[in-house]
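Visitor: One structure follows; several queries about it will come next.
The values are calculated or read from the model by the stated rules, or taken from the named source; none is laboratory data. Everything numeric in this text was worked out from a predicted model, so none of it was measured. Here the Cβ positions follow ideal geometry from the backbone for every residue, glycine too, while neighbour counts run over all protein chains shown.
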């Protein structure tokens, strides 16, 4: 029998229908088995390892009986929580007031000094918050030069004769933290403003909208997601801060964990307080996730024309310059000048062989932390590149969760399992008739490195993941067609294209590790100091002049990565 062409084509392309109906449960089970086959064992181990501190913390908090916790709960826990929330709210308000206008001025306005402030406004990130706190306390306290000068001018004799802002308070701590942390919000919102579709502003101009109306009705709503993400980062950094609030005698949950652990030697009660902090962090992360889910697509639309900048003239240009200069001066320039003056005056007393040793300790910890975190990020993202299963992607999210955990909380979560491992190692040594090695993990620099890696791997994951997304899949396909192995594709293609993001991630983690105090001060071995703990030791004793050189070294180390980061943002936006 002969068939027509149409009949042959129809028969050829007729869909195959299975004679047996596969139960839905069987199909789901097969998909699950297939996803398990795509899971990389190393990435799974990394993800599980990242969850161990948090699981251990919750387990200790639920099963242990802290002797101090009941007393804390019945007396001061409400105060701790209230102070923590008050600090977060004030910091959020102040950071928004500082960061959002700055981002708009730099991204969408043209005025004298804009190019300088474009990178200068990022520099406060290089200044540790506790250093800025010590500087302003030294300047604004009753015995400081500001109040002394005011008393000389107006003839005041006692504190009852006048009112002056108390820097050692919740508003004082919020003000100091805001001037240090606003760049987190500023960078994200500025990047969003620069990437917004320029046609929106062109339409607003054609409708006769003013600069303020365009900002309030168009630019600001489209940046809502970036604002929320930036504020969540600021809140997490605020929760992680210990030295600033402790120096200002502000009792928050962070100081409560520290005092309960080292003051009362009650690790279980400290774990219970830490779980309360973790719950607060999870609430912040949930709010951020909800905000991302509600994000409008128009807010991230691609730029289809050159960005519009309003040219400011006369009084408007002067006010813009003055505002940027005011924030830059208070956030970076003034503290830096104070440190330089102390270094110049007290260099002989501040310089010592111990300072060199502590600097090398910090450089070693920061370098190892950055290398390990970047390698973890490359490994996980490379696995996802070739096997983008849901479980592998979940491993990436889990390995990035440590950044949300405050340093004091991470210190407890890391110390407990490493202490248990030390016990097993010593028991095994005794069973083998060997000498006990002691606390090789929990009592050495290893514990600090582990805590830093678990906290800062998220920074590397974010950078490497975003740059992997810009590498065309066609490059991988072409290499595979030419019989290249996965390792060869990584070495010859991915690694070459990822070098900029790897460098930025390495530098950022290096700086964060150099500045980290909360975990280091709780985990450092006996007779071991880092630059942050060295600076904290002197400044807590009101000897800022002796700590100035160490603080200046921390700041100088942090400047280069920030300038590289700012440059990379500018380059990426110009290429877009």
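Visitor: Residues in region 198-218: is at least one modelled with pLDDT of 70 or more and in a loop (DSSP other than H, G, I, E, B)?
Guide: The answer is no, given that none of the residues of region 198-218 is modelled with pLDDT of 70 or more and in a loop (DSSP other than H, G, I, E, B).
Visitor: Taking region 340-363, which residues are under 25 Å from residue 456 (Cβ atoms) and in contact with a helix residue (DSSP H, G or I) (Cβ under 8 Å, 6 or more places away or on another chain)?
Guide: 355, 358, 359, 361, 362, 363 - these are the residues of region 340-363 that are under 25 Å from residue 456 (Cβ atoms) and in contact with a helix residue (DSSP H, G or I) (Cβ under 8 Å, 6 or more places away or on another chain).
Visitor: Need pairs with beta-carbon distance below 9 Å; first residue without any contact (Cβ under 8 Å) to a residue 24 or more places away in the chain and within region 324-339, second surrounded by fewer than 18 Cβ atoms within 10 Å (Cβ to Cβ) and part of a helix (DSSP H, G or I); sequence gap 6+ or separate chains.
Guide: Note: pairs meeting the criteria are 333/325.
Visitor: Return yes when residue 493 is under 21 Å from the mean Cα position of the chain (by Cα) and either within 25 Å of residue 133 (Cα to Cα) or part of a helix (DSSP H, G or I) (or both) and no when it is not.
Guide: Answer is no for this residue.
Visitor: Search region 428-456 for residues that are over 17 Å from residue 518 (Cα atoms) and pair each with any residue that is crowded, with 17+ Cβ neighbours inside 10 Å when their beta-carbon atoms are under 6 Å apart and the residues are at least 6 apart or on different chains.
Guide: Once the first residue is over 17 Å from residue 518 (Cα atoms) and sits in region 428-456, its partners that are crowded, with 17+ Cβ neighbours inside 10 Å give 436/426; 439/422; 441/418; 441/422.
Visitor: Mind counting the residues in region 513-528 that are assigned to a loop (DSSP other than H, G, I, E, B) and over 21 Å from residue 371 (Cα atoms)?
Guide: 4
Visitor: Output yes when any residue across region 119-137 is modelled with pLDDT under 85, under 22 Å from residue 540 (Cβ atoms), surrounded by 14 or more Cβ atoms within 10 Å (Cβ to Cβ) and more than 24 Å from the chain's Cα centre (by Cα), and no when none is.
Guide: Taking every residue of region 119-137 in turn, none turns out to be modelled with pLDDT under 85, under 22 Å from residue 540 (Cβ atoms), surrounded by 14 or more Cβ atoms within 10 Å (Cβ to Cβ) and more than 24 Å from the chain's Cα centre (by Cα).
Visitor: May I pose another question? Are there any pairs with C-beta distances below 6 angstrom linking a residue in region 359-379 that is at pLDDT 90 or above to a residue that is buried (at least 22 other Cβ atoms within 10 Å of the Cβ) and not in a helix (DSSP H, G or I), with the two at least 6 apart or on different chains, and if so which?
Guide: 361/530; 362/530
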